[in-house]
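K.L.:
The following block contains the structure, expressed as structure tokens.
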Amino acid sequence: MTTLDKVVGGAPTRIEGRDKVTGAARYAYEHPVPDAAYVSPVQSTIVRGRVRAVDGSAALAMPGVIAVLDSGNVSRLRRVEDAELAVLQSADVAYRGQIVAAVVANTLEGACEAASAVRVDYEEEGAGEGEHDVVLNPGDPRIFSPEKASAGFAGTVDWGDAESALAAAAVSVDAVYTTPTEHASPMEPHATIAFWEGETLTLYNSDQAPWMSATAIAELFGLPESAVSVIADHVGGGFGSKAVPRPPTVLAALAARAVRRPVKVAATRQQMFALVSYRTPTVQRVRLGAERDGKLTAVWHDALQQSSKLVEYTEPTVGASRMMYATPNSHTAHRLLRLDMPTPSWMRAPGEAPGMFALESAMDELAYALEMDPVQLRIANEPSVDPESGLPFSSRNLVACLREGAARFGWAGRDPTPGVREDGRWLAGTGVASSTYPVFTRASTATAYAGPTGRFVVQIAAVDIGTGARTALTQVAADELGVPMDRVTVRVGRSVFGPAPFAGGSMGTSSWSWAVSKACRALVKKLDERSGLVPPEGLEARADTTEDLAAWKRFSRHSFGAQFAEVRVNVDSGQVRVERLLGVFAGGRIVNARTARSQFLGGMTMGVSMALHEALETDPRFGDFVNHDLAGYHIAANADVRGIEAHWIDEQDDELNPVGAKGIGEVGIVGTAAAIANAVFHATGFRQRDLPITLDRVRAAVRGG
Ligand code: MOS
């Protein structure tokens with residue numbers, strides 16, 4: 001072993017970059033599978049009720065049609081917690097767009113055409129011609145307080161006496177903020193190729209979690225874990241929507257079994273809106289109480305959200321309000337209403353993204369009420385320990401991010417007066433907000449091999465969903481093995497490599513790199529014992545971090561950031577342009593500067609999108625999303641992103657994992673929308689508490705209609 005410069009912390013280009021730009025990289029749908037048939041789902045046109053009969057005769061008479069599937073002729077599945085996965089298991093309809101039948105045909109076009117010829121007879125319940133039960137109405141008497149929110153968060157947490165503190169506060173803020181339904185819509189749609197060989201199932205799946213998905217599908221089909229193999233060599237984004245199996249994947253496995261042939265399923269962009277989850281809308285009330293010097297005396301945050309009738313999913317929207325700022329009194333609660341809608345689920349920074357829009361907007365409102373600089377207000381409320389748990393932070397560099405961001409952005413000397421910076425028909429303003437995301441880490445396994453010719457192979461059921469995970473893990477392995485990157489092949493994307501968590505919750509690098517580093521260290525030890533001599537059959541070391549994580553010291557672990565926005569608002573059209581967006585982040589050790597920068601910029605761009613564009617509209621008469629395609633569901637495009645910069649501070653945190661990485665996938669979207677909304681207030685003097693900040697909303701405020 002030679003001594004080499006470490007590559008962790010460098011900026012190598014993506015290992016699979018060339019394969020991607022030349023088209024050699026295969027995504028799920030592109031694997032050559034002989035004799036594959038195509039599946040097209042038939043989606044419910046009613047909101048609630050039952051399927052009385054499926055008439056597939058016209059479809060079956062069409063050329064190349066192999067089968068029409070419905071709840072009467074597919075395999076029975078085991079009941080699992082996620083009722084969305086009970087595809088075609090009963091005649092019940094729980095939302096418009098649910099899969100009620102499917103056509104299998106020799107061609108994609110044939111399957112699509114035949115799907116439109118399937119006649120479904122329904123017994124509709126409820127609204128009929130009136131309004132469906134699909135609207136999150138804050139006055140609904142059925143709203144309840146869930147015990148738990150997702151990702152391990154409690155439903156409601158109280159300490160001190162927030163009500164009394166608010167009543168006694170020298171200065172206070174009390175405002176309602178809303179965020180709309182949003183959709184992840186990754187560039188690569190949800191796609192699966194499924195084939196059975198006897199009782200074993202192989203899935204080429206667009207997936208954030210090859211091993212976890214294989215386990216979940218095995219459970220669903222009542223098979224041993226080893227009977228299901230998920231392969232996800234390349235994935236074109238997920239943002240949470242591919243973190244667990246979704247109905248199209250289950251449909252593929254069912255259809256392949258029914259017709260005894262490999263099948264391909266690719267959800268269309270329109271189908272994805274009902275079938276692969278979405279971000280819940282929220283109605284959030286935030287009340288802050290403070291002393292005249294800006295010290296918070298109370299944080300009160302309530303988030304109303306929706307779920308489906310099938311699954312109780314609670315987005316952890318108020319989670320960040322529990323650890324963000326020091327306060328002796330706190331009340332943070334989730335409330336939920338279950339509707340005849342598809343089940344919402346994780347979408348980038350689930351909880352923190354909408355929750356921090358509300359908290360960080362309220363902090364800006366408080367800064368104005370106090371006549372205090374908003375950066376200073378945040379610094380004044382920096383806690384010494386986690387306010388909720390009382391645990392020390394493994395590292396907390398919010399203040400450093402705020403200070404460095406302020407310096408880079410040119411915040412000093414900012415005149416806080418709103419609505420006074422005119423430039424023709426434009427008003428200019430600046431805003432700031434904090435970012436945060438928890439450091440989740442889960443146990444993982446990995447295997448490292450040394451070959452007789454000096455090459456190394458590491459296998460781990462990680463997955464690269466576009467983040468650069470393959471490259472980052474190769475850097476980690478190369479450093480541990482003490483060899484250049486080109487002598488190491490890191491194989492990811494296959495469930496057969498053993499237990500590993502998902503590319504979700506920003507936990508990929510922190511979890512997988514731990515197992516990779518441990519396996520490589522064990523291999524180096526074995527090699528050292530043999531004076532570096534590799535036997536002809538090679539050497540292997542396997543690692544499992546379950547015990548390391550069980551022994552993890554108790555700390556509060558979070559990434560932080562600060563985002564600064566400069567906007568211009570057109571007083572005639574109401575258009576908001578984000579001229580500059582600057583973020584400074586603290587995410588532990590940055591493994592790859594190039595791919596990390598992309599992660600931050602991607603998150604921030606999604607934040608611009610959340611602030612100004614994204615909203616799914618639900619029509620209560622129709623009972624479904626109206627704008628369920630990318631023509632009607634607007635996302636930020638290149639022209640919407642002007643000046644954008646991501647920086648990070650060198651953060652050394654020894655209480656994380658061998659690499660010292662925190663996780664950076666999601667922190668970039670958190671706080672962005674608040675920074676922009678705060679800048680819009682500074683520009684116009686009108687507070688925007690409802691996302692997205694559309695032209696009509698701005699015009700209504702600035703021009704009074
Ligand atoms: Mo992320 S929303 O946990 O994939």
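K.L.:
Find the centroid of the Cα atoms in segment 376-439 and in segment 178-245, then give the distance between the two in whole Å.
P.N.:
If we compute the Cα centre of each part, the gap is 39 Å.
K.L.:
Report the charge-dipole magnitude of segment 1-116 in Debye, nearest 20, computed about the Cα centre from +1 at each Lys and Arg Cβ and -1 at each Asp and Glu Cβ.
P.N.:
Here the size comes out at about 300 debye.
K.L.:
Near the amide H of T314, under 5 Å away, which other amide H atoms are found, from residues 5 or more places off or on another chain, if H is placed in the peptide plane?
P.N.:
HN-HN under 5 Å from T314: S150.
K.L.:
Further question on the same structure: For a quick protection proxy, order the peptides 165-176, 428-439, 190-201 by their average other-Cβ count within 10 Å, most packed first.
P.N.:
428-439, 190-201, 165-176
K.L.:
Further question: For the chain, just say rounded, prolate or oblate: build the C-alpha gyration tensor, square-root its eigenvalues into a ≥ b ≥ c, call rounded for a/c under 1.5, and beyond that prolate if a/b exceeds b/c, oblate if not. Walk me through the numbers on the way to the answer.
P.N.:
On the way: a/c = 1.82, a/b = 1.14, b/c = 1.60.
Because a/c hits 1.5 or more and a/b fails to exceed b/c, the chain counts as oblate.
K.L.:
Just need the relative contact order of segment 170-213 here, percent rounded to a whole number, with Cα pairs under 8 Å and 6+ apart.
P.N.:
Dividing the mean separation by the residue count of segment 170-213 yields 25 percent.
K.L.:
Right, another one. I need the shape label for segment 334-439. Rule: rounded when a/c is under 1.5, else prolate if a/b > b/c, else oblate, with a, b, c from the alpha carbon gyration tensor.
P.N.:
oblate
K.L.:
Here is a further query. If you take the square roots of the eigenvalues of the alpha-carbon gyration tensor of segment 347-396 and sort them as a ≥ b ≥ c, do you get rounded (a/c under 1.5), prolate (a/b over b/c) or oblate?
P.N.:
Oblate, because a/c is 1.5 or more while a/b does not exceed b/c.
K.L.:
May I pose another question? Got a sec? Charge dipole of the chain, +1 on Cβ for Lys and Arg, -1 for Asp and Glu; which of P34, T343, G504 is way out at the positive end?
P.N.:
P34
K.L.:
Taking amide H positions as placed in the peptide plane 1.01 Å from N, state which residues far from E579 in sequence (5 or more) or on other chains have amide H under 5 Å from it.
P.N.:
E566, V567, R568
K.L.:
FRET efficiency for L533 and V33, Cβ-Cβ distance as r, R0 = 51 Å, nearest 0.05?
P.N.:
0.75
K.L.:
Can I ask one more? I need the phi-derived Karplus couplings for segment 631-647: 6.51 cos²θ - 1.76 cosθ + 1.60, θ = phi - 60°, integer Hz, Gly and Pro marked x.
P.N.:
7, x, 9, 7, 10, 4, 10, 3, 5, 7, 10, 9, x, 9, 9, 10, 10
K.L.:
Next up: Could you work out the helix-only [θ] at 222 nm for the chain, with each DSSP H run of four or more residues adding -39,500 (n - 2.57) and the total divided by the number of residues, to the nearest 500 deg cm²/dmol?
P.N.:
Details: 16 runs with 179 residues, N = 705.
It comes out at -7500 deg cm²/dmol, rounded to the nearest 500.
K.L.:
Let me ask another. Of G198, G454, A266, whose Cα points farthest to the positive end of the dipole of the chain (charges on the beta-carbon: +1 Lys, Arg; -1 Asp, Glu; origin at the Cα centre)?
P.N.:
G454
K.L.:
With an 8 Å cut-off on Cα pairs and a minimum separation of 6 or more residues, tell me the relative contact order of the chain in percent.
P.N.:
Details: 1867 pairs, mean separation 117.5, N = 705.
Reported as a whole number, the value is 17 percent.
K.L.:
Further, regarding this structure: Name the residues whose placed amide hydrogens come within less than 5 Å of the amide hydrogen of G419, ignoring near sequence neighbours (fewer than 5 apart) on the same chain.
P.N.:
Amide H neighbours of G419, under 5 Å, 5+ apart: A683, T684, G685.
K.L.:
Also, I was wondering about something else. Read phi for every residue in segment 65-80 and hand back ³J(HN,Hα) as whole Hz from Karplus 6.51 cos²θ - 1.76 cosθ + 1.60, θ = phi - 60°, with x for Gly and Pro.
P.N.:
With the stated coefficients, segment 65-80 comes to 7, 9, 7, 10, 9, 8, 5, x, 9, 10, 4, 7, 9, 6, 6, 10 Hz.
K.L.:
Once you charge only the Cβ atoms, +1 for Lys and Arg and -1 for Asp and Glu, what is the size of the charge dipole of the chain about its Cα centre, to the nearest 20 debye? If you can, show how the numbers build up before the last one.
P.N.:
On the way: 68 positive and 82 negative charges, 242 e Å.
Using Cβ point charges on Lys, Arg, Asp and Glu, the chain gives about 1160 debye.
None of the figures in this text is laboratory data; all of them are computed from the coordinates on show. All of these numbers come straight from a predicted model, not from anything done at the bench. FYI the Cβ positions are ideal-geometry reconstructions off the backbone, even for glycines, and counts take in every protein chain you see.
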